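The values are calculated or read from the model by the stated rules, or taken from the named source; none is laboratory data. Only a predicted model underlies this, so the values are computations on that prediction, with no experimental measurement involved. Don't worry about glycine lacking a Cβ; one is built from the backbone with ideal geometry, like all the others, and counts go over all protein chains shown. Side chains are part of the model used for accessible areas, which takes the heavy atoms of the whole protein and leaves out ligands, DNA and RNA. Shrake-Rupley method; radii C 1.70, N 1.55, O 1.52, S 1.80 Å.
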Amino acid sequence: MRSLVTLSLLVCTLALAQAPTPRLVEDWRHAYRGEDATGPHVIALWQFEPGAELKDASGKGHDLTLRGARSSAEGRFGGGLESFRGWPDKDESHCAVAANDRALSPTGAFTIELWLCPKPELEGCATAFLLDKMYGDKTDYQLVLTGTEKNPLKRLRANLGFGDAVVSFTSDPARYEPGVWRHVAFTYDGDGTAHFYRDGVCLGGRTEPGRSAICPGKLPLSLGDRGGSLYRGFPGVLDQVRLCNGVMTFGPVAMAC
């Protein structure tokens, strides 16, 4: 009997030793590949790679149409999406648009993340839209960089539409220097709690009691600008824009050599 117990313990020990170590955080410092790009939890992923600049890399079919924004060869991992300030310089759309689809309106917990590289004009912007599927409705979501024109510190703001009201969640302030790539992420647990991250570090969050899933809307998803006038685009380049079902986990990770 003792030999059988010893053999069982040995088998379990070997199995544990051979089992892959679970990843505790998203490997956000690299361009997403494999299951991180096409897995069932990925709603959409736009990587703007040369030859497939407007394709949804998740394979879910949420391809983009340019509406004032333009493809750029100077993304974080190759190509990117370049947008512009818009109002008050020029009240015209500067975005790329994905057609409305029910899948773009998460039914519970979800995560929005992207890389951004501002132009110098950002420091003169009070509001710059990164994503917008809400416009003037009380549905879906927006992700915005906001601040004052004279203060170099900006805050991420996520506006979530619940049908009866729009609830805003705001990050701690941070500097977004011109020409510097930053990874930003917003998570919502589908039960009132939201968090922000920048380069793998938590940038604040809070809980709004009594809230659950967002209300699905009927508008397209705009990347790089607001969905309608007054247009307030993000003056800079975006890359690796990913929407996922569920709360993804972010933290410091090492960049491979």
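When the range 75-121 is examined, which residues are found to be part of a strand (DSSP E or B) and at pLDDT below 95?
Gly86
Restricting to the range 69-95, name every residue that is more than 15 Å from Gly51 (Cβ to Cβ) and of a type in the set (Gly, Ala, Ser).
Of everything in the range 69-95, those that are more than 15 Å from Gly51 (Cβ to Cβ) and of a type in the set (Gly, Ala, Ser) turn out to be Ala69, Ser83, Gly86, Ser93.
For the range 199-257, how many residues are assigned to a strand (DSSP E or B) and either free of Cβ contacts under 8 Å to residues at least 40 places away in the same chain or surrounded by fewer than 16 Cβ atoms within 10 Å (Cβ to Cβ) (or both)?
The number of residues fulfilling the criteria is 6.
Which one of Leu230, Leu203 is of a type in the set (A, V, I, L, M, F, W, C) and modelled with pLDDT under 95?
Just one listed residue meets the conditions, Leu230.
If you check Arg232 against the conditions, is it over 17 Å from the mean Cα position of the chain (by Cα), closer than 13 Å to Val144 by Cβ and of a type outside the set (Gly, Ala, Ser)?
Taking the combined requirement at face value, the residue satisfies it.
Restricting the search to the range 174-186, which residues are free of Cβ contacts under 8 Å to residues at least 60 places away in the same chain and either under 11 Å from Arg157 (Cβ atoms) or surrounded by fewer than 16 Cβ atoms within 10 Å (Cβ to Cβ) (or both)?
Arg175, Glu177
Let me spell it out: the conditions are (1) touching a residue at least 60 places away in the same chain (Cβ under 8 Å); (2) part of a strand (DSSP E or B); (3) open to solvent by 10 Å² or more (accessible area, probe 1.4 Å), and Tyr135 meets all of them except one. Which number is the exception?
Looking at each condition in turn, Tyr135 falls short on (2).
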